[in-house]
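See structure below.
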């Protein structure tokens, strides 16, 4: 079975096509023939070895990828709600050679839902991980309707989904953007756009002098953006930052692995794509064997939408 992974951790050049064994299909599992796998910053961290200590599989190869879309080819006992031949998307928790960058994956049925009506497999592969992370960020902050939310990295996949979900729930959204991205971020629904970069917290405060009620830190600025939040406000972070404990600001790390088998949440996101609440954005597709180039493009920055590997 063909996959793309690393046998030694390193830069983009460490990625190469590897042969991996088939995964056995058990009860409550689904075998998916993967056609598309979206590329994310988390994949680059795995490639570099950042997660080696928490991966119970210590033998190479290690295959990245937390998003996949393809076709159901087999169902284990008890895998209800799907049928062979269904086009599906899934969130993947990588372990050893089990990652989204492979032709064939066995996944828990709770991680797999049908693709949104009208969406192809490439577009569908861009939804699961980042949209679930956005959903979890908002759920952890529990902001009431009418509250103010700041979003950093709003032009990115996670940030864009936070903006759209927040607007659907009646929040007032202030988002950051480079000048070239301002139109995009406004189109996602941001009520106020401030220029991204150093000093963004002060620019948010200029628009909301009392501070915002919540902040989703998609650009991972950590302490630099805390001043934008009012005393007693809440911040959702995606890299484990826990704040400095000052002003009663509650910092809430978000780990999407905890929602990896929340089928109802993933299916609701599918419905929201169909309703026009969420927008699927593909920047470029590349053949799987060009994964090193995809990682280089991601590292270079400025990618709007997702890079997607195809099998």
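FYI, it's all coordinate maths here, none of it is from the lab. Values in this document were obtained by computation on a predicted structure and should not be read as measured data. As a convention, Cβ positions derive from the backbone with ideal geometry for all residues, glycine included, and neighbour counts pool all protein chains shown.
Over region 55-190, what is the mean sequence separation of C-alpha contacts under 8 Å (at least six apart), divided by residue count, expressed as relative contact order in percent? Each step should come with its number before you reach the end.
Values: 220 pairs, mean separation 26.1, N = 136.
Over region 55-190, the number comes to 19 percent.
Can you tell me the length gained on complete extension of the stretch residue 120 to residue 23, counting 0.36 nm per residue apart and subtracting the Cα distance?
On the way: separation 97, 0.36 × 97 = 34.92 nm, distance 2.56 nm.
Full-extension gain reported as 32.4 nm.
Using alpha carbon centroids, what distance separates region 24-57 and region 186-265, in Å?
If we compute the Cα centre of each part, the gap is 27 Å.
Give me 66, 259, 129 ranked fewest to most by other Cβ atoms within 10 Å of their Cβ, as a rough exposure proxy.
Ascending number of Cβ neighbours within 10 Å: 259, 66, 129.
With an 8 Å Cα cut-off and a minimum separation of 6 or more residues, compute the relative contact order for region 1-93 in percent. Let's see the in-between values first.
Details: 166 pairs, mean separation 30.7, N = 93.
Relative CO of region 1-93 lands at 33 percent.
With Kirkwood's inverse mean 1/r over C-alpha pairs for Rh, give me the Rg to Rh ratio of region 269-311, two decimals please. Walk me through the intermediate numbers first.
Details: Rg = 12.8 Å, Rh = 11.6 Å.
That ratio equals 1.10.
Give me the extension gain from residue 179 to residue 9: residue separation times 0.36 nm, minus the current Cα-Cα distance, reported in nm with one decimal.
Working it through step by step, the gained length comes to 57.6 nm.
For Rg and Dmax of the Cα atoms in Å, the listed values are (i) 25.3, 80; (ii) 19.2, 57; (iii) 38.5, 143; which was obtained by calculation from the structure presented?
(ii)
Using R₀ = 51 Å, calculate the FRET efficiency as 1/(1 + (r/R₀)^6) where r is the Cβ-Cβ separation of residue 74 and residue 186; round to 0.05. Show your work: numbers first, answer last.
Values: r = 45 Å, r/R0 = 0.88.
For residue 74 and residue 186, the calculated efficiency is 0.70.
For 136, 1, what ranking results if the residue with the fewest other Cβ atoms within 10 Å of its Cβ goes first? If you can, show how the numbers build up before the last one.
Working: 136 20, 1 13.
Least to most surrounded, the residues fall as 1, 136.
Relative to the longest principal axis of the chain, what angle (0 to 90°, nearest 10) does the C-alpha long axis of helix 128-141 take?
So the inclination is approximately 40 degrees.
Is region 20-165 rounded, prolate or oblate when judged by the Cα gyration tensor, a ≥ b ≥ c being the square roots of its eigenvalues, rounded requiring a/c under 1.5 and prolate requiring a/b larger than b/c? Walk me through the intermediate numbers first.
Values: a/c = 1.99, a/b = 1.34, b/c = 1.49.
Note, shape of region 20-165 comes out oblate.
State whether region 130-256 is rounded, prolate or oblate according to the following rule on the C-alpha gyration tensor (a ≥ b ≥ c being the square roots of its eigenvalues): a/c under 1.5 gives rounded; otherwise a/b larger than b/c gives prolate, and the remaining case gives oblate. Could the numbers behind the result be given before it?
On the way: a/c = 1.33, a/b = 1.14, b/c = 1.17.
It comes out rounded by the Cα gyration axes.
Please rank 25, 121, fewest neighbouring Cβ atoms within 10 Å first, as an exposure proxy.
25, 121
If you take the square roots of the eigenvalues of the alpha-carbon gyration tensor of region 97-145 and sort them as a ≥ b ≥ c, do you get rounded (a/c under 1.5), prolate (a/b over b/c) or oblate? Let's see the in-between values first.
Working: a/c = 2.58, a/b = 1.69, b/c = 1.53.
Prolate.
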